[in-house]
Amino acid sequence: MEVHAHTHTPRKKWTHYFWEFFMLFLAVTLGFFVENQREHFVEHQREKQFMISLIEDLETDKAELKRGISQTDSTIQYADSALIFLTSYKPSAEIPFRFSDLITVAGQRLSLINTDRTSSQLKNSGAMRLIRNSKVVNGILQYWKQIDKTNITLERYLIYRNAGRELSFKLFIVPPVYVHGLGIQQDSIRSLRVIDRDSKKWDELANLIAVSQLVLSGARLTSGSHLNNLNRQYAMAVNLIALIKKEYHLK
């Protein structure tokens, strides 16, 4: 009968287990730290890309606002001339062709297209949390608020503009009727036939032009005039671009 001798493995000291646990803990901790740093780096890169994209959008807005300011200025000037004519006009069988030019520009359809490529991403995807700079965040929020104000005055103008345009079609024959309907060269048209000589309706047209002009340039309006809002939004776009470039060290 064989007798097997049992080999005794020396027991490991507690310090051995401690160092094993410590090394494992250190590896896991470092892994979390590296992953966290990587996430921060990615988020900071995304933040910077958002700011670069926003600057591009603001530059586009600046060009659009310049166009809008110029268009609004011309509308106000032509509205002045149209009102001067209407205050002394006595409805008769014809009206000078010049009035058609005045009322066309005085009642032109104003528009403003704000570039929301980056803004929509910041608003809808929760990416606004990536913007760590409080000054920039406040600047962006103020700019968005100003966009809303500008759109409100634009919509208000369009209400009166559309009403005035609809009424004018009922008061006199417009040039396209002479050009396309009768084959008359526009340069040879000197006067337009009046459809309705009711002085009250002509006064109503003057009122609509006056109110639309007030919305565009009136300084005493509670929400501000449209022209003031355009200029304010333009200034805010310029300042926000400068702020972003400064805070994010962009050229």
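Below is a table of values for the structure above.
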quantity	calculated
Packing-based exposure ordering (other Cβ within 10 Å, fewest first) of His249, His44	His249, His44
Ile140, Ile84, Ile152 arranged by Cβ crowding within 10 Å, fewest neighbours leading	Ile84, Ile152, Ile140
Segments 123-132, 230-239 sorted - mean Cβ within 10 Å per residue, highest first	230-239, 123-132
Partner lysines for Lys245 [C-alpha distance under 23 Å; skip if fewer than 8 residues away on the same chain]	Lys48, Lys62, Lys66, Lys123, Lys135, Lys145
FRET efficiency estimate (nearest 0.05) - Cβ-Cβ, Asp73 to Gln45, R0 35 angstrom	0.25
14 Å beta-carbon shell around Ser191, net charge (K/R +1, D/E -1)	0
Cα-projected label distance for Ile195 with Ala63, points at 7 Å along beta-carbon direction, nm	4.0
Length released on extending from Lys245 to Lys170, taking residue separation times 0.36 nm less the Cα-Cα span	21.6 nm
The stretch 85-218 - Kirkwood radius from inverse mean 1/r over Cα pairs (Å)	18.2
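Throughout, read-outs are computed from the coordinates displayed, never taken from laboratory work. What you are looking at is a predicted structure, and each value in this text was computed from that prediction instead of being measured. Because the Cβ atoms are built from the backbone with ideal geometry, glycine has one as well, and the counts that use them run over all protein chains shown.
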